[in-house]
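Heads up, the thing below is written out as structure tokens.
The values are calculated or read from the model by the stated rules, or taken from the named source; none is laboratory data. As the structure is a prediction and not an experimental result, all values here were calculated from the model. Positions of Cβ are backbone-derived with ideal geometry, glycine not excepted, and every protein chain shown enters the neighbour counts.
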Amino acid sequence: MRIYNTMTGRPEEFHPIEEKKVRMYVCGPTVYNLIHIGNARPMIFFDTVRRYLEYRGFAVNYVSNFTDVDDKIIKAAQEEGVPAEEISERYIAECKKDMEALNVLPATLHPKATEEIDGMISMIETLVQKGHAYPAMDGTVYFRSRSFKEYGKLSHKNLDDLRSGERALKVDGAEQKEDPLDFVLWKPKKEGEPAWPSPWCEGRPGWHIECSEMSRKYLGEEIDIHGGGEDLVFPHHENEIAQSECCSGKAFARYWMHNAFLNINNKKMSKSLGNFFTVRDVLEKYDGQVLRFFMLSAHYRSPLNFSEELMESAKTSLHRIVNCAENLSYLLKGERTEDMTEEETKLLQEAGRFTEAFVSAMDDDFNTADAIAAVFELVRFINSHADESSSAEYLQGLEDMLHRLTEVLGLTLSAGESGGAEDAQGLSEAEIEALIAERTAAKKEKNFARADEIRANLLEKGIVLEDTREGVRWKRA
Ligand code: AMP
Ligand code: ZN
């Protein structure tokens, strides 16, 4: 398996610290509002990374935090006149609902920054003792960036270039910083803000120290994969590396993975630009599976433009896969010969090459676009090599193959859930079956007008009926 490492700027063979185990940390959202679909991109992608690693036999310890103390949360709380915690708890709950709709599995652990303050303070104390951090007169504690010789190694920035860039800017706290590049580890309380006692002053942690501490506490000083969106490379991840490595004296993460942006009109989707759709907005029109499919249809390091057109095309493509799965499950429900014929054994082996193509795409830095192409090849193969004359064993073999691959992508196609690929106006499988039963009864009573009406209504909703020797068969058009 090869993973593109932002640190070295090239794909590298994946060797975890412990054989068959992966420790992975992904920076989670700041919870002050509903998440937008840009935030959903890393959630969906890293969930897919986790699923694939598990498919490849790794035990994955996956930690992703919620940033639940932050200026934006405090501002939202002040505007609503409620405690900050009420805002963060509300949006953590909402975020979890969105994750579920997108079939993003809960991480092994979702720690919250506010519950990890003691650990952050002890990490800052270590940094002060080692000379990597210093408190200023007002109790703010700064990290001394220049004390870490490798500062800039992730973002490939040179300290002196950064320094001259900073000179032109107005730097926060400039009067008390030793160097404009120094960043905040702890800051004093302001009126009405949540605060915790510390050796320096009552206050709260800076953002970067959160992740260093939560990663250390739950995954250890050295981890395998650290991820997030590419806007986190500098300064967030650069600062995390400086803090963690100065504290432990060890290399923090082996592989740094960053997803490119989800854009709208070629601009990064973001709350501050106001050019965003929340996941909730999109779920009103599309099933979460369609959004997930859309996100995975591009390689994670390529920018992805969100548009109605692309969502429609994702919906159509996903329907093709769902259709194939539904046809298989329909065929499996009928009377079939049990055992595979010799010919079928060969065909099933042949179909194995699509799994191989899928695996080699995913092994190549999680190329989900090519992996999806392999799934379509399998779908095409099934559509032309499975029918009512196939044996149960063979059909089951194909179904298992299709499901294993789509599960890695987090797409649910199993009977009952397949309606998940439908939009809000779509009919569930149970509703379709009920209408078909009503049509059969109408035909028996020679009420052909009603029977035709049901067929026409179903067709309008994209459901095609086919009368076969074994009864009525349906599929989504
Ligand atoms: P935030 O809540 O801004 O800290 O973001 C949470 C996660 O979403 C981080 O990993 C960000 O890098 C990522 N993110 C934010 N906006 C976008 C976007 N437009 N495209 C892709 N990832 C994004
Ligand atoms: Zn982080």
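Which members of region 52-73 meet the condition of being in a helix (DSSP H, G or I) and buried (at least 19 other Cβ atoms within 10 Å of the Cβ)?
Of the residues in region 52-73, the ones in a helix (DSSP H, G or I) are 52-55, 71-73.
Across region 52-73, the qualifying residues are Tyr52, Leu53, Ile73.
Residue check: is Thr355 in the same structural domain as Val322 (by TED's automatic domain parsing), within 22 Å of Ile3 (Cα to Cα) and not hydrophobic (A, V, I, L, M, F, W, C)? First the steps, then the outcome.
On the way: in the same structural domain as Val322 (by TED's automatic domain parsing): yes; within 22 Å of Ile3 (Cα to Cα): yes; not hydrophobic (A, V, I, L, M, F, W, C): yes.
Criteria met by Thr355.
Exactly one of these conditions fails for Ser145: (1) under 28 Å from Ala251 (Cβ atoms); (2) at pLDDT below 95. Give me its number.
Looking at each condition in turn, Ser145 falls short on (2).
Looking at region 45-96, which of the residues that are of a type in the set (Phe, Trp, Tyr) and farther than 20 Å from Glu407 by Cβ is farthest from ligand 2 (Cβ to nearest atom)?
Looking at residues that are of a type in the set (Phe, Trp, Tyr) and farther than 20 Å from Glu407 by Cβ, I get Tyr91.
Can you tell me which residue among Ala260, Ala298 is away from ligand 2 (no atom under 16 Å from the Cβ), small (Gly, Ala, Ser) and closer than 30 Å to Glu399 by Cα?
None of the other options fit; the residue is Ala298.
Of the residues in region 227-238, how many are crowded, with 23+ Cβ neighbours inside 10 Å and either farther than 24 Å from Arg2 by Cβ or more than 11 Å from ligand 1 (Cβ to nearest atom) (or both)?
1
In this structure, does Arg2 turn out to be of a type outside the set (Val, Ile, Thr), surrounded by fewer than 19 Cβ atoms within 10 Å (Cβ to Cβ) and at pLDDT 95 or above?
The answer is yes for Arg2.
Output the qualifying pairs, or none if there are none: Cβ atoms under 6 angstrom, residues six or more apart or on different chains, first residue in region 224-252 and assigned by TED's automatic domain parsing to the domain that holds Val128, second residue within 13 Å of ligand 2 (Cβ to nearest atom) and of a type in the set (Gly, Ala, Ser).
Every condition considered, the pairs that remain are His226/Ala253; Glu240/Ser212; Gln243/Ser212; Ser244/Ser212; Phe252/Ser244.
Just to be sure I understand the filter: pairs with C-beta atoms under 7 Å, separated by 6 or more residues or on different chains, first member in region 260-275 and closer than 21 Å to Thr6 by Cα and in a loop (DSSP other than H, G, I, E, B), second member at pLDDT 95 or above and of a type in the set (D, E, K, R). Which pairs pass?
Ala260/Glu230; Ala260/Arg301; Phe261/Glu230; Phe261/Lys268
Scan region 105-127 and tell me whether some residue there is over 30 Å from Gln289 (Cβ atoms), free of Cβ contacts under 8 Å to residues at least 24 places away in the same chain and of a type in the set (S, T, N, Q).
Scanning region 105-127, I find at least one residue that is over 30 Å from Gln289 (Cβ atoms), free of Cβ contacts under 8 Å to residues at least 24 places away in the same chain and of a type in the set (S, T, N, Q), so the answer is yes.
Criterion first (buried (at least 23 other Cβ atoms within 10 Å of the Cβ), away from ligand 2 (no atom under 16 Å from the Cβ), in contact (Cβ under 8 Å) with a residue 60 or more places away in the chain and over 16 Å from Leu154 (Cβ atoms)) does Phe293 satisfy it?
Answer is yes for this residue.
Go through region 157-184 and count every residue that is at negative phi, modelled with pLDDT under 80 and not in a helix (DSSP H, G or I).
Residues in region 157-184 being at negative phi, modelled with pLDDT under 80 and not in a helix (DSSP H, G or I): 5 in total.
Of all residues in region 197-220, count the ones that are surrounded by fewer than 22 Cβ atoms within 10 Å (Cβ to Cβ), of a type outside the set (A, V, I, L, M, F, W, C) and within 12 Å of ligand 2 (Cβ to nearest atom).
Summing the residues that are surrounded by fewer than 22 Cβ atoms within 10 Å (Cβ to Cβ), of a type outside the set (A, V, I, L, M, F, W, C) and within 12 Å of ligand 2 (Cβ to nearest atom) in region 197-220 gives 1.
Given (1) surrounded by fewer than 21 Cβ atoms within 10 Å (Cβ to Cβ); (2) assigned to a loop (DSSP other than H, G, I, E, B), identify the lone condition not met by Tyr151.
Condition (1) is where Tyr151 drops out.
Scan Ile223, Ile264, Ile241 and give me the residue that is of a type in the set (A, V, I, L, M), closer than 19 Å to Thr126 by Cα and either crowded, with 18+ Cβ neighbours inside 10 Å or within 13 Å of ligand 1 (Cβ to nearest atom) (or both).
Ile241
Do you know which residues across region 330-381 are buried (at least 18 other Cβ atoms within 10 Å of the Cβ), among the aromatic types (Phe, Trp, Tyr) and under 24 Å from the mean Cα position of the chain (by Cα)?
Scanning region 330-381 gives Phe358, Phe366.
Restricted to region 27-44, and to residues that are touching a strand residue (DSSP E or B) at 6+ places or on another chain (Cβ under 7 Å), β-branched (Val, Ile, Thr) and outside any loop (DSSP other than H, G, I, E, B), which residue is farthest from ligand 1 (Cβ to nearest atom)?
Ile37
Is there any pair with a first residue in region 453-477 that is in a strand (DSSP E or B) and a second that is acidic (Asp, Glu) whose Cβ atoms are under 6 Å apart and which are 6 or more apart or on different chains, and what are they?
Every condition considered, the pairs that remain are Arg473/Glu466.
So, in region 17-31, exactly how many residues are away from ligand 2 (no atom under 16 Å from the Cβ) and under 21 Å from the mean Cα position of the chain (by Cα)?
Final tally of qualifying residues: 2.
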